[in-house]
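The values are calculated or read from the model by the stated rules, or taken from the named source; none is laboratory data. Everything numeric here is computed off the predicted structure, so don't read it as measured data. Cβ placement follows ideal geometry from the backbone for every residue including glycine, while neighbour counts extend to all protein chains displayed.
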């Protein structure tokens, strides 16, 4: 019997089903597949509509969380928006196959121009009609004792910078209150202007994340009472995801970013029930950023961005046609 006959597959549009987070909590899941993330994106950018593909037998056994963006009567589906991770979550191989098949049927619907999946966990097949392109990030396996990283993974230069930050009075704290997110947003605006990016995130996203999930943390580095650098970390599923390291350039001489990651790593290692992978995120091909992450012992993880849809759309996706470009 075919997998589709064994599992009922449907699309839930709008409010994500409560059962989704039980799948996200498995080792292959990440915060970017959670109901909290889907809600936060829809609140900050209403043009994105949560659309979750579900396979059900006795409860939900597989899912592919998506965000749909409509334009000119067409639909574009992303897992996830703004280059975040996605893919199929499952506790049953047949159910996962059923979701794969339904995803492909969705891709050939006349008004669907693109389905894009940043497939961190490798949940989609290397087969047509999926087109693929490699992407990468840097990850670090978390031991039970953070001192193992300090002694065996960190470079001597990294350890010296951490000591320097402490000696110069940089203080790091973890927070989840609205003020901390406001401080992060201010540093993000300053950093984005320095990066010169044309794909900045909506500032409203940080407000939406403030109460989104108990695993959403802002790590603030402060000097003389002023926030000079920050991390936005998501602890969910199989990884701690460092989604954004922002800082004030004038304070780089204090090495706040080194101390920030060290404190976050210490907390992650100490959480015996938590994820055992710390994800530093993409380096965007910047050698200096890659060197910084390597100084913590992080290794490169290559995964595939997979896309399906009409071939003519693929030829134009790097241009203005793609509504996911910011």
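Please note which helices (runs of 4 or more DSSP H) are completely contained in the stretch 1-85 and include at least 2 residues that are under 22 Å from residue 205 (Cα atoms).
20-24, 35-44
Any idea how many residues of the stretch 86-100 are in a helix (DSSP H, G or I) and in contact with a helix residue (DSSP H, G or I) (Cβ under 6 Å, 6 or more places away or on another chain)? Can you show your working first?
Start the filter on the stretch 86-100 by keeping residues that are in a helix (DSSP H, G or I), which leaves 93-100.
Those still in the list that are in contact with a helix residue (DSSP H, G or I) (Cβ under 6 Å, 6 or more places away or on another chain) too: 94, 97-98.
Qualifying residue count, the stretch 86-100: 3.
Can you tell which of 246, 240 is part of a strand (DSSP E or B), under 14 Å from residue 141 (Cα atoms) and either in the same structural domain as residue 149 (by TED's automatic domain parsing) or at pLDDT 95 or above (or both)? Don't jump to the end; show me each part of the working.
Details: 246 fails: under 14 Å from residue 141 (Cα atoms).
Checking each option against the conditions leaves just 240.
Out of curiosity, is residue 248 farther than 18 Å from residue 120 by Cβ and in contact with a strand residue (DSSP E or B) (Cβ under 7 Å, 6 or more places away or on another chain)?
Judged against the criteria, residue 248 is a match.
Does the stretch 63-73 contain at least one residue that is farther than 21 Å from residue 241 by Cα, touching a helix residue (DSSP H, G or I) at 6+ places or on another chain (Cβ under 9 Å), buried (at least 17 other Cβ atoms within 10 Å of the Cβ) and not assigned by TED's automatic domain parsing to the domain that holds residue 242?
yes
Residue check: is residue 148 touching a strand residue (DSSP E or B) at 6+ places or on another chain (Cβ under 8 Å) and either modelled with pLDDT of 95 or more or loosely packed, with under 12 Cβ neighbours inside 10 Å (or both)?
Answer is no for this residue.
Working carefully through the options 132, 116, find the one that is surrounded by fewer than 20 Cβ atoms within 10 Å (Cβ to Cβ) and outside any helix (DSSP H, G or I).
It is 132.
Can you tell me which condition residue 180 does not meet? The list is (1) surrounded by 19 or more Cβ atoms within 10 Å (Cβ to Cβ); (2) within 24 Å of residue 166 (Cα to Cα); (3) in contact with a helix residue (DSSP H, G or I) (Cβ under 9 Å, 6 or more places away or on another chain), and all the others hold.
(3) is the only condition that residue 180 fails.
What's the number of the only condition in (1) touching a strand residue (DSSP E or B) at 6+ places or on another chain (Cβ under 8 Å); (2) buried (at least 17 other Cβ atoms within 10 Å of the Cβ) that residue 271 fails to meet?
Condition (2) is where residue 271 drops out.
Between a first residue in the stretch 144-167 that is assigned by TED's automatic domain parsing to the domain that holds residue 276 and outside any helix (DSSP H, G or I) and a second residue that is at pLDDT below 95 and loosely packed, with under 15 Cβ neighbours inside 10 Å, which pairs have beta carbons less than 9 Å apart while being 6 or more apart in sequence or on different chains?
144/272
Would you confirm whether any residue within the stretch 219-234 is free of Cβ contacts under 8 Å to residues at least 24 places away in the same chain and farther than 26 Å from residue 290 by Cβ?
Yes, there is a match, as at least one residue in the stretch 219-234 is free of Cβ contacts under 8 Å to residues at least 24 places away in the same chain and farther than 26 Å from residue 290 by Cβ.
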